[in-house]
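Structure first, then comments.
The values are calculated or read from the model by the stated rules, or taken from the named source; none is laboratory data. All figures in this text were calculated on a predicted structure; none of them were measured in a lab. All Cβ positions, glycine included, derive from the backbone under ideal geometry; neighbour counts span all protein chains shown. For accessibility, only protein heavy atoms count, side chains too; no ligands or nucleic acids. Shrake-Rupley method; radii C 1.70, N 1.55, O 1.52, S 1.80 Å.
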Amino acid sequence: MAQPLMPHATASWLVDNTALSFEQIATFCGLHILEVQAIADDTAATKLTGRDPIRAHELTQAEIEKGQADPNYVLKMEREPEAATRTKGPRYTPVSKRSDKPDGIAWIVRNHPEVSDGQIGKLIGTTRTTIAAIRDKSHWNIANIVPKDPVTLGLCSQRELDATIAKAAKAAGLAPQVDTRFEGDREALLDQLRTEREEAARVADAIANGEMEAPAMIGGFVDPFKR
């Protein structure tokens, strides 16, 4: 069910200006009835300024009167509030992160030169002028720019970065890169698991053949010193 743009403020106005039941107001505003009760009793955490749903074209006076005449009547919204939409433009970056953008751009330029300026601008939310200045090392702060992974800087997600790099590589006719950073660790872990599984099987066979006693349990755990 559609809700008013500012449900708590709308509920406050309806409590003060109509004879609608708390249940009707709660249903229309998408709130719990106890929230409406708190607004009516002035015990809500925040003092609210009422928002007139009639002026906002979300309710009509006739609809309110129907609700006041019948406590079981469910109010119908006159016109749903328009959803907020983001206009086209560069990605928004919090102020605290904006100083990290040159470092993220430098990392992409150094490690993935196939990524175009347009793709970098869309990924990080910067201008072509800034990217060009970092590419040709004419940026005003070039001496202090240190290439850093934009994902670790919080400028984009790993999925977004990977998708951009893959798209750029495909356009440039390059073979996709395979991440081998954890390949050695993966093999070592598999060897360890394989060894532990073989040892567990050996111990189980020895216990079944009476060659060793079953491990003693201490507080629900196997005593490693009991053989």
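Stretching the chain fully between Glu23 and Glu78 yields a gain of 17.9 nm (0.36 nm per residue, less the alpha carbon separation).
Protection proxy ranking for 163-173, 20-30, using the average of other Cβ atoms within 10 Å per residue and placing the highest first: 20-30, 163-173.
Can you pull the percent of the range 15-77's accessible area that's carbon plus sulfur, 1.4 Å probe, other chains left in place? C and S fraction of accessible area: 50 percent.
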